[in-house]
Every structure is written in structure tokens, then in C-alpha cells.
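**Q** Quick one: the structure is below, questions incoming.
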Amino acid sequence: MKLTQQDIARILNITPMTLRNWKKDKPRLYEIVMKGFAFEEAVKKAQQNADELKELEEKFKIKK
């Protein structure tokens, strides 16, 4: 699920204006924050893919 700027601000317990100010005035901080959220999303997707692969493995496992 893609988070909006408002979602991110809410999670960080800041205002959306603060997030916009970081983007303008503190670009490195903004970049770090956004990379953190992107990393978290990538980890969730990887876990979902791993779970799906495990289900497929069990579904098509040859029983001896």
C-alpha cells in the first residue's frame, strides 16, 4: 500500500507542513525518512512473496 504524505506525517506524529518543510529545507532528512518507509514496504513485499512461495511449495509438494 502506497502511503500518502499525510499518512507519513501522521505516523511520524508531525504535520504534513513539517514534512513539506523538511523536503524543502532539510532534503537529507526527508530522503532518509522516505527511504525508511520505502525499505519497510520492500520488506513487507518480500515477506508476502516468501509466504506465497511457501504456500506454492506445500500445494505442489510430491508426497512419498
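The values are calculated or read from the model by the stated rules, or taken from the named source; none is laboratory data. The structure displayed is predicted, hence computed values, not measured ones. Reconstructed Cβ throughout: ideal geometry from the backbone, glycine too, with neighbour counts over all protein chains shown.
**Q** Which one of these is surrounded by 12 or more Cβ atoms within 10 Å (Cβ to Cβ), part of a loop (DSSP other than H, G, I, E, B) and modelled with pLDDT of 95 or more: 14, 8?
**A** Only one candidate qualifies: 14.
**Q** Is it the case that the range 39-51 has a residue that's surrounded by 12 or more Cβ atoms within 10 Å (Cβ to Cβ), modelled with pLDDT of 95 or more and out of contact with any helix residue (DSSP H, G or I) (no Cβ under 8 Å at 6 or more places or on another chain)?
**A** Checked the range 39-51: no residue is surrounded by 12 or more Cβ atoms within 10 Å (Cβ to Cβ), modelled with pLDDT of 95 or more and out of contact with any helix residue (DSSP H, G or I) (no Cβ under 8 Å at 6 or more places or on another chain).
**Q** Would you be able to tell me the number of residues in the range 39-64 that are assigned to a loop (DSSP other than H, G, I, E, B) and either under 23 Å from residue 2 (Cα atoms) or not hydrophobic (A, V, I, L, M, F, W, C) (or both)?
**A** So the answer is 3.
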